[in-house]
Amino acid sequence: MKNKSFENTSEKTLYKVRDNIAIITLDSPPVNGLGKSVRQGIKASFEIATRNDEVKAIIITSSGKLFCGGADISEFSKGGLNDAPFLPAIFNELEESKKPVIAALNGTALGGGLELALACDYRIALPIVKVGLPEVNLGIIPGAGGTQRLPRLAGVELATKMIVSGTPINANKALENGILDYIHESEDNFLDAAIDYAKHLLVTNAPVRSCANIRVDTSSLPDDFFKIFRQSIAKRTRGFYAPERAIQCIEIACESPLTEGLQKEAEIFTECMNTPQARAQQHLFFAERAATKIPGISSTTLPRNIESIAIIGAGTMGGGIAMNFLNSGIPVKILEIREEALHNGLHMIRKNYEISAQKGKLSREQVEQRMALLTATLSYEDLADADLVIEAVFENMEIKKQVFTTLDNVCKPGAILASNTSTLDVNEIAAYTSRPKDVIGLHFFSPANIMRLLEIIRGTETADDVIVTTIKMAQSIRKVPVVAGVCWGFIGNRVLEPYGREAARLVLEGATPSQIDNVLYDFGMAMGYCSMIDLAGIDVGYLTRQGNRETFYSRDPSYAAICDKLYGLGRFGQKSGRGFYRYEGRNKTEEPEVMELAAQLAKENNVTVRDISDEEILERTIYMLINESAQVLDDGIAYRSSDIDTVFCNGYGFPGHRGGPLQYADEIGLDNVLDALHFYRKQLGSYGEEWFKPAPLLERLAAEGKRFKDYHVSV
Ligand code: NAD
């Protein structure tokens, strides 16, 4: 909006009067965040408009695609959020305006952006607009009136759902529920439409409206609404602080006048802001963004063009990976070695879509559209024109070698050749081709169509533009990319290994699978280790370990002994009905047999069986995650501690309210982690001596009184 007729009222706002209507434009792209300068501009513009007798109504709109993405969250950590002018105070002034104030939502309004609109008298929007209050995702509640004004305008049920889930709703739903007053269909002349709307309000003497005059309508609300609502979210929000506090704010809105509610909301907002959960969730927010910036790669590096994808292997991973692209409208060719495997793979993809259709998540038409983008082949010749090939065959270097040698022969120059290997050496795979610069690891997680994480494995020779392309590709299919270096297991599986080792060892020492799982679940993990490995497959874990036998077993003959025993007995986990637990449908029960096997293995390996405290389980498993993460960081496999946190929270069920293993370590203090490692090193004898050596980086940072956050890998 660089029209000369506009004047600047701050660095980031514009102002003009047209036909007696003042137009205040937020001009701080890309998200028009409500930082200090924007706040100053809104206040200054509003005061000018209020003083000018010729101005009869005021429109607030914005330049750019988004109306407003909310608070400037860099102010959360750097400070400045409470600097005058204070956002809630501006909104109160808008609400008390004697002249009608109209929010003209030219794009999506989130958080403080929606709160700004709610404080206006009327709201008009384009059909593409979404509105939402996603603050809970940052560990806080809406703090500028959202919890008090939204229930007054939209009713308690919708407001509670929106605020506690953080999920935005579309314009039509917002219109139906009183959040919007009018939707203007055409994008071309939206400002003209907003001015016409303002004029219409004036001509019809439409009243100025204030939420202060609206009581929250609870007449049709069931008595036990909040109780039932709390029960419905209990599992999903366990460990998070803000959702419960948000509900309390809405309860206050139901009972109190607006001013009182706003006062309480402000207090609760400040309280939430100072919790470990808020620090953790905000850390993860920034971590995801930081992960796409790769040291040493220029931001001007252009990505390669990716229009066609080929996938080798239509098994568990190949099928899931294909679905990501099909869901985003990108054509996929899938290659198998045998007709039957191809048939089964296609059948599985269709079945997954059919299940989504039965649940009402997809229409029939969408199922067919997606399947139509998929072509199947048994011939490598058909992959000659693919821009990106992702290999997802068995985890076996000999087979990967055959596949990459063939790809090297058939693929066009410049095609990116990727492997979905979980643990194998991407440099070795690259060396089987004449173009190692084009080879990269793309480690999807299972189920690949659902899990958000994508580990991008940067080989020694991988070209910069291949990394940039795969990061962009990941974002286009809504994955969270994290770049890792080459080592056994990369970031995630490498760090997970000692965590699993401790869990398995603890079973030998006398902890039951359910004791271990309960401790980890209560800590916030999506599931405990024994349940997780039963789900992922005890056979998968066993086969993966064989690739690194010398390292594990030569150091410790009891390594993963219980897992190997279960594997030997064909107890592969959920898929075979038995693993650490016995499964009947979705129900699992513990079987005494597992602890009998553990006792026998303990005897064979001279392990003393004893009562294990919950505290020991937590420290030995989680602190091992931290210790190995520190080593991964020190080895340069991860670029920053937040990358490891992103991996664990998006790929391994680590609780978001703890922000990942290293954020958690920063929060509880590195010296505490170090002390515990020293303690177990001593207490566990030769086993402790072998495995509980603290990572040198952890020792260094603890000695300097620093946090993992303070550590930056030099490139
Ligand atoms: P899978 O056994 O389900 O599927 C592998 C498929 O590859 C089979 O359908 C097989 O017929 C096909 N195949 C084998 N050799 C082939 C060849 N030469 N050409 C074409 N197709 C061939 O295995 P999966 O679980 O999908 O694993 C595939 C890869 O993904 C492995 O490298 C694995 O380590 C990795 N991975 C697996 C998981 C997981 O949880 N399953 C997670 C991340 C990564």
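Okay, here's what the table says:
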quantity: Cα Rg, Dmax (largest Cα-Cα span) when computed across region 582-655, Å; calculated: 17.6, 45
quantity: Per residue convex hull volume, Cα atoms of the chain, in Å³; calculated: 179
quantity: Percent antiparallel among DSSP beta bridges (both partners in the chain, rounded to 5); calculated: 35
quantity: Region 427-525: trypsin sites (Lys or Arg not before Pro) in DSSP coil with no more than 16 other Cβ atoms inside 10 Å; calculated: ARG452, ARG478
quantity: Solvent-accessible heavy-atom area per residue, rounded to whole Å², over region 580-622 at 1.4 Å; calculated: 63
quantity: Dipole of the chain, positive end: most advanced residue of GLY319, TYR529, GLY585 [Cβ charges, Cα centre]; calculated: GLY319
quantity: Mean separation of Cα contacts under 8 Å (6+ apart) over length of region 511-604, as relative contact order %; calculated: 25
quantity: Sorted peptide list for 29-36, 675-682, 610-617, criterion being average Cβ within 10 angstrom, highest first; calculated: 29-36, 675-682, 610-617
quantity: At q = 0.18, 0.27, 0.32 Å⁻¹, base-10 log of I(q)/I(0) for region 319-370 (Debye sum, equal scatterers on each alpha carbon); calculated: -0.58, -1.10, -1.28
quantity: Listed peptides 43-53, 325-335, 201-211 by packing density, highest first (mean Cβ within 10 Å); calculated: 325-335, 43-53, 201-211
quantity: For region 559-585 and region 468-533, distance of Cα centres in Å; calculated: 18
quantity: Structure-based [θ]222 nm, the chain - -39500 (n - 2.57) summed over DSSP H runs of at least 4, per residue, nearest 500; calculated: -14500 deg cm²/dmol
quantity: Per-peptide average of other Cβ atoms within 10 Å, ordering 131-142, 337-348 highest first; calculated: 131-142, 337-348
quantity: Cβ-derived FRET efficiency at R0 30 Å, ASN587 paired with HIS347, nearest 0.05; calculated: 0.60
quantity: Magnitude of the charge dipole, region 96-163, Cβ model with Lys/Arg +1 and Asp/Glu -1, debye to 20; calculated: 160
quantity: Region 654-715, relative contact order in percent, only Cα pairs under 8 angstrom and at least six apart counted; calculated: 35
quantity: Set of lysines with alpha-carbon distance to LYS359 below 29 Å, sequence-local pairs under 8 removed; calculated: LYS130, LYS161, LYS173, LYS227, LYS235, LYS333, LYS351, LYS479, LYS575, LYS588
quantity: Under 23 Å from the Cα of LYS78 - lysines, other chains or at least 8 residues apart; calculated: LYS12, LYS36, LYS43, LYS293, LYS706, LYS709
quantity: HN-Hα J in Hz across region 149-161 - Karplus 6.51, -1.76, 1.60, θ = phi - 60°, x for Gly and Pro; calculated: 7, 4, x, 5, 8, 10, x, 5, 5, 5, 4, 4, 4
quantity: Protein accessible area in the chain, 1.4 Å probe - carbon and sulfur %; calculated: 51
quantity: Average accessible area per residue (Å²) across region 170-264 - probe 1.4 Å, nucleic acids and ligands excluded; calculated: 59
quantity: Selection from ALA194, TYR182, ALA212, by position along the positive dipole direction of region 172-214 (Cβ); calculated: ALA212
quantity: Angle in degrees between helix 258-273 and the longest Cα principal axis of the chain, rounded to the nearest 10; calculated: 30
quantity: Extension gain (nm, one decimal) between ASP710 and ALA290, 0.36 nm per residue minus Cα-Cα; calculated: 149.8 nm
quantity: Karplus 3J(HN,Hα) series, Hz, for region 50-64 with 6.51 cos²θ - 1.76 cosθ + 1.60 (x for Gly, Pro); calculated: 5, 6, 7, 4, 6, 7, 9, 8, 10, 10, 10, 9, 8, 8, x
quantity: Rounded accessible area per residue of region 1-88, 1.4 Å, Å²; calculated: 47
quantity: Over the chain, relative contact order from alpha-carbon pairs under 8 Å, at least 6 apart, %; calculated: 9
quantity: J(HN,Hα) series, region 18-32, from Karplus relation 6.51 cos²θ - 1.76 cosθ + 1.60, nearest Hz, glycine and proline x; calculated: 9, 6, 6, 10, 7, 10, 9, 10, 6, 10, 9, x, x, 10, 6
quantity: Residues with amide H under 5 Å from that of LYS130, placed H, sequence gap 5 or more; calculated: THR108, ALA109
quantity: Dipole magnitude of the chain, debye to nearest 20 (Cβ charges: Lys/Arg +1, Asp/Glu -1, about Cα centre); calculated: 900
quantity: Net charge over other residues, Cβ less than 13 angstrom from the Cβ of PHE572 (K, R count +1; D, E count -1); calculated: +2
quantity: Charge tally in the Cβ shell below 11 Å around ILE637, where Lys, Arg are +1 and Asp, Glu are -1, ILE637 excluded; calculated: -3
quantity: Trypsin sites (Lys or Arg not before Pro) within region 265-326: DSSP coil, no more than 14 neighbouring Cβ in 10 Å; calculated: LYS293
quantity: Length added when fully stretched, ALA234-GLU428, from 0.36 nm per residue minus Cα-Cα; calculated: 65.1 nm
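The values are calculated or read from the model by the stated rules, or taken from the named source; none is laboratory data. As the structure is a prediction and not an experimental result, all values here were calculated from the model. Reconstructed Cβ throughout: ideal geometry from the backbone, glycine too, with neighbour counts over all protein chains shown. Accessible surface is based on the protein model in full, side chains and every heavy atom, while ligands, DNA and RNA are left aside. Shrake-Rupley method; radii C 1.70, N 1.55, O 1.52, S 1.80 Å.
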